[in-house]
Amino acid sequence: MTTQKLEIMKCTHKKQKPESSALEFGKYFTDHMFIMDYSEEKGWYSPRIIPYQPLTLDPAAMVFHYGQTVFEGLKAYRSEDGSVRLFRPEENFKRLNQSSDRLSIPPIDEAQMLAYLKELIRIDKDWIPTMPGTSLYIRPFVIATEPTLGVAPSRNYKFMIILSPVGAYYKEGINPIGIFVEDQYTRAAPGGTGTAKTAGNYCAAYKAQERATANKQAQVLWLDGMEKKYVEEVGSMNVFFKLNGEVHTPGLSGSILEGITRKSVIELLKSWDIPVFERRISIEEIVSASKSGTLEEVFGTGTAAVISPVGELLWKDHKIVVNNNETGALSKRLYTELTGIQTGEQKDPFGWTVRLEDEE
Ligand SMILES: *Cc1c(COP(=O)(O)O)cnc(C)c1O
């Protein structure tokens, strides 16, 4: 792939930035965005950073009809000394291409995407909030734009990156959530699109989320699509169980999303000599572990919350209370270590973070 010149068009007047305390998730967007186009003849072309603005698309653009689209989510953190860090961004771009492959979308040069992202963040650097727990959420995504109603892969696409300053996920400190074990709807099935970050997986989950809310639980725990027997994920997080001093997480079955936080947690646990297993885990097993007193902690992992302790599980007429509905010591340790590495407050022995300044 040839390196193309990045065109930069800066905005003429800057938006007013929200107060750090007013930040939510994905509500505000920065002054600029990255965009590039794809056609069969040219490949990916015309990379540019432009003022943040609405798109003009043909109503027949294929993304509106058949959902040919993929996305990613990662964060940039600003540390006390002003330096800016990304957490394992190359993993996100690798996964974007894996998702694209599943949706028959052409791949993008991963190193080039990272270079474009760094340039965009440099331009909008003042938008990275500094209050503890806040960060700049990064949303790269691809949409199919060919204006044709034929059911076939689009011949045109747009790749974009937008940036959103986000508030602290835990405003009153890390706290356990309750989860509803979904026994009716499924998120993904073997051979389906569960391993891809694609729009359809998420809107198809709203009904289950409604059931969780109606049952006074914050999130959904998904079971496998074949037998509704094995644990898969929690909402848009991967899930871990601490059983009798060991940590267990569902293996990559082909229907769960391969989280970068999940991967990092596994690597951290191994470095701490804590036994960690990737395997099939039935919900029955969790119920009996709870009864026998060996279920010590449950937590979700994902970019948004990093570590999200689970205090309660509701499955049919079983109510499982985990660790007295308190955040467990291992959940806390993982949260402190990971967020410390991400923000630069702690050493990064794994080389996971990428500093923006390094190439300036
Ligand atoms: C994004 C996502 C995750 C978590 O992935 P991270 O890379 O850790 O943020 C887990 N499950 C689903 C369904 C997701 O969409």
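If you model the chain as an ellipsoid using its alpha carbon gyration tensor, with each semi-axis the square root of five times an eigenvalue, the axes come out at 35, 25, 18 Å, biggest first.
Among the trypsin sites (Lys or Arg not before Pro) found in the range 111-197, those both in a DSSP coil and sparsely packed, with 13 or fewer other Cβ atoms within 10 Å of their Cβ, are LYS171.
What is the range 151-232 by shape, rounded, prolate or oblate, if you read a ≥ b ≥ c off the alpha carbon gyration tensor as root eigenvalues and call it rounded for a/c under 1.5, prolate for a/b larger than b/c, and oblate otherwise? In terms of gyration-tensor shape, oblate.
In nm, what is the difference between 0.36 nm times the number of residues separating LYS332 and ASP273 and their Cα-Cα distance? Stretched out fully, the LYS332 to ASP273 stretch lengthens by 19.5 nm. Summarising the label geometry, the points placed 7 Å from Cα in the beta-carbon direction at LEU55 and GLU24 lie 2.3 nm from one another. How big, on average over all directions, is the shadow cast by the Cα convex hull of the range 9-166, in nm²? Taking the Cα atoms of the range 9-166, their convex hull projects to 9.8 nm² on average. Taking amide H as placed 1.01 Å from N in the peptide plane, the amide H of VAL322 sits under 5 Å from that of GLU312, LEU313, each at least 5 places away or on another chain. For the range 241-272, the residues whose amide N sits under 20 Å from a probe point set 7 Å from the Cα of LYS229 along the beta carbon direction are 249-256. The helix-based estimate of mean residue ellipticity at 222 nm for the chain, built from -39,500 (n - 2.57) per DSSP H run of four or more residues and divided by its residue count, is -7000 deg cm²/dmol to the nearest 500. For the chain, with all protein chains in place and a probe radius of 1.4 Å, 50% of the accessible heavy-atom surface sits on carbon or sulfur. To the nearest 0.05, what FRET efficiency results for LYS94 and ASP317 with a Förster distance of 56 Å applied to their C-beta separation? Efficiency computed from Cβ-Cβ geometry: 0.85. Residues whose amide H comes within less than 5 Å of that of ASN156, counting only those at least five positions distant or on another chain, are THR145, GLU146 (H built at 1.01 Å from N in the peptide plane). Eigenvalues of the alpha-carbon gyration tensor of the range 91-186, scaled by 5 and square-rooted, set the equivalent ellipsoid semi-axes at 30, 24, 12 angstrom, largest first. Annotation for ALA115 and ARG211: the two label points, set 7 Å from Cα along the Cα-Cβ direction, are 4.8 nm apart. Pairwise alpha-carbon distances in the range 279-360 exceed 18 Å for 55% of all pairs.
Converting phi to 3J(HN,Hα) with the Karplus coefficients 6.51, -1.76 and 1.60 and the offset θ = phi - 60°, the range 146-159 yields 4, x, 8, 8, x, 7, 6, x, 5, 9, 9, 9, 10, 10 Hz in sequence order, with x at every glycine or proline. Between THR12, THR186, THR327, the Gaussian network model of the chain with springs among Cα atoms under 10 angstrom shows the greatest mean-square fluctuation at THR12. The mean of 1/r over all distinct Cα pairs in the range 177-343, once inverted, gives the Kirkwood hydrodynamic radius of 15.9 Å. Each label was represented as a point 7 Å from its Cα along the Cα-to-Cβ direction; for ASN324 and CYS11 these points are 4.9 nm apart. Solvent-accessible surface of the chain, taken per residue with a 1.4 Å probe and all protein chains present: 46 Å². The angle separating the long axis of helix 329-343 from the principal Cα axis of greatest extent in the chain is about 10 degrees.
The values are calculated or read from the model by the stated rules, or taken from the named source; none is laboratory data. Everything numeric in this text was worked out from a predicted model, so none of it was measured. As a convention, Cβ positions derive from the backbone with ideal geometry for all residues, glycine included, and neighbour counts pool all protein chains shown. Keep in mind that these areas ignore ligands, DNA and RNA; they rest on the heavy atoms of the full protein, side chains included. Shrake-Rupley method; radii C 1.70, N 1.55, O 1.52, S 1.80 Å.
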